[in-house]
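Colleague: Before anything else, here's the structure in question.
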Amino acid sequence: MTRSLSTLLLGMQFLLAAVSVHASEYTAEDWLSRMIMAARDQSYRGDFVYSNGSALESMRIVHTIHGHDELQRVYTLNGTPREVVRHGDRLEVHQADGRRSHFIQPSHTAPFPMLSAREIADLEPHYDLKLLDSNRVADRMCQEVALIPRDDMRYGHRLWLDKETGLLLRAQLLGTSGDVLEELLFTEIKMEEGDTAWSPADQQGKVSIKTQARVNVPGNQQTWHLESFPPGFKRVAYLRHRAEDSDEPAEQLILSDGVATVSVYIGPDSGAHGKVEGLSRMGATHTYGVRTAQGHHVMVVGEIPAETAEWIANAVRPTEQVND
């Protein structure tokens, strides 16, 4: 009996050693691939804190995968009640006053896009991807991965990825001087399989609904473009959207370098965002507004350095000819 127990324990030690060696063979690119797959395929629920400048919020997330169907709910645990529910490409924002806003088509604001292996490799000219130490987050062992920018046109990232699943459990956004601009940190996480019940219960009663449909615009109907791009950035989408209570459509160009995502809004000078002039900052997010010679207004919003926001805003030009 003693020999059997000793043999079993020895076998487990060899197995754990083999798993550890296998995990250590992962490159930083491999860990990013695991993170992206986990974000898409893993059901879980957990609590996390999010800090952005002077703001600190405690949040709860429930993420459920039903086959190819994805459901996610994020809601605040402190401060003003707020909730975001995502079902596939449909995003619903619940406000404290009972109003709901619906968005069709995601706005490309996830922490990291769903990158392919080729796109992860394309990050290398602009980010130095490094493996750092292993550490514990929410009582789970994590591998730390650093994305170090090779220039001042983008921010850096430190990521802590769950060793078992690859799920992102902690993230820091670093400024050009290395200071922490934003941080997300899970304090509790539970991996789940299959159905995950929603909580709290859905809101009841009638609410006013404001809907925005973001529509992809074909190339021959795109009325604005960028004359030049900051190194590594490219356009990933061109959308047009109009709120139910407005007759004025707005154009939205979405740019990305594979990690950072930037929205460029172009609309009438009289629009709500037309009041934004010059540069402003909230936490890691820079906003830059400028008026065009054609009487329109450009607003750039993204977690990017000020120089990058100004570059993009000043590079917006009208397309000279639109073919039907």
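Colleague: Among the numbered criteria (1) under 30 Å from Tyr238 (Cβ atoms); (2) at pLDDT 90 or above, which single criterion is violated by Asp139?
Modeller: All conditions pass for Asp139, except number (1).
Colleague: Check the stretch 32-45 and report whether any residue there is basic (Lys, Arg), outside any helix (DSSP H, G or I), assigned by TED's automatic domain parsing to the domain that holds Gly156 and at pLDDT 90 or above.
Modeller: Going residue by residue through the stretch 32-45, those that are basic (Lys, Arg) are 34, 40, 45.
Add one more test, that the residue is outside any helix (DSSP H, G or I), and what stays is 45.
Filter once more, keeping what is assigned by TED's automatic domain parsing to the domain that holds Gly156: 45.
This time we only want the ones that are at pLDDT 90 or above, so: 45.
Looking through the stretch 32-45, at least one residue is basic (Lys, Arg), outside any helix (DSSP H, G or I), assigned by TED's automatic domain parsing to the domain that holds Gly156 and at pLDDT 90 or above.
Colleague: Separate question: Report yes if some residue within the stretch 102-115 is at pLDDT below 95, assigned to a strand (DSSP E or B) and either aromatic (Phe, Trp, Tyr) or under 16 Å from the mean Cα position of the chain (by Cα) (or both); otherwise report no.
Modeller: The initial filter retains those residues of the stretch 102-115 that are at pLDDT below 95, namely 102-115.
Subset that is assigned to a strand (DSSP E or B): 102-104.
Now narrow it down to the ones that are either aromatic (Phe, Trp, Tyr) or under 16 Å from the mean Cα position of the chain (by Cα) (or both): 103.
Yes - at least one qualifying residue is present in the stretch 102-115.
Colleague: Within the set of pairs 6 or more residues apart or between chains, which connect a residue that is at positive phi inside the stretch 130-142 to a residue that is among the charged types (D, E, K, R) with Cβ atoms less than 6 Å apart?
Modeller: Ala138/Glu188
Colleague: Please work out which residue is nearest to Gly175 (Cα to Cα), limiting yourself to the stretch 275-284 and to residues that are assigned to a strand (DSSP E or B) and without any contact (Cβ under 8 Å) to a residue 24 or more places away in the chain. Working first, answer last.
Modeller: Keep residues of the stretch 275-284 that are assigned to a strand (DSSP E or B), which gives 278-282.
After this cut, where a residue has to be without any contact (Cβ under 8 Å) to a residue 24 or more places away in the chain as well, the list is 278, 280.
Values: Gly278: 20, Ser280: 16 Å.
Once the filter is applied, the top-ranked residue is Ser280.
Colleague: Identify the residue in the stretch 76-95 that is of a type in the set (S, T, N, Q) and assigned to a loop (DSSP other than H, G, I, E, B) and, among all such residues, is nearest to His66 (Cα to Cα). Talk me through it step by step, then tell me what you get.
Modeller: Start the filter on the stretch 76-95 by keeping residues that are of a type in the set (S, T, N, Q), which leaves 76, 78, 80, 95.
Right, trim to assigned to a loop (DSSP other than H, G, I, E, B) and you get 78, 80, 95.
Details: Asn78: 30, Thr80: 31, Gln95: 27 Å.
Going through the qualifying residues, I end up with Gln95.
Colleague: Asp269 fails exactly one of the following numbered conditions: (1) modelled with pLDDT of 90 or more; (2) on the phi < 0 side of the Ramachandran plot; (3) surrounded by fewer than 18 Cβ atoms within 10 Å (Cβ to Cβ). What is the number of that condition?
Modeller: Only one criterion is unmet by Asp269, namely (1).
Colleague: May I pose another question? Among the residues that make up the stretch 18-28, is at least one of them modelled with pLDDT of 80 or more, crowded, with 16+ Cβ neighbours inside 10 Å and out of contact with any Cys (no Cβ under 6 Å at 6 or more places or on another chain)?
Modeller: Looking through the stretch 18-28, at least one residue is modelled with pLDDT of 80 or more, crowded, with 16+ Cβ neighbours inside 10 Å and out of contact with any Cys (no Cβ under 6 Å at 6 or more places or on another chain).
Colleague: Test Arg73 against the stated conditions and say whether it is touching a Gly at 6+ places or on another chain (Cβ under 8 Å), charged (D, E, K, R) and in contact (Cβ under 8 Å) with a residue 12 or more places away in the chain.
Modeller: Details: touching a Gly at 6+ places or on another chain (Cβ under 8 Å): no; charged (D, E, K, R): yes; in contact (Cβ under 8 Å) with a residue 12 or more places away in the chain: yes.
Judged against the criteria, Arg73 is not a match.
Colleague: Continuing with this model, one more query. Which residue out of Ser177, Ser263, Ser228 is at pLDDT 95 or above, polar (S, T, N, Q) and closer than 23 Å to Glu307 by Cα? Let's see the steps before the verdict.
Modeller: Details: Ser177 fails: at pLDDT 95 or above; Ser263 fails: at pLDDT 95 or above.
Result: Ser228 is the single residue among Ser177, Ser263, Ser228 that is at pLDDT 95 or above, polar (S, T, N, Q) and closer than 23 Å to Glu307 by Cα.
The values are calculated or read from the model by the stated rules, or taken from the named source; none is laboratory data. Predicted model, so just to flag it, every value in this text is computed and none were measured. We place every Cβ from the backbone using ideal geometry, glycine too, and count neighbours over all the protein chains shown.
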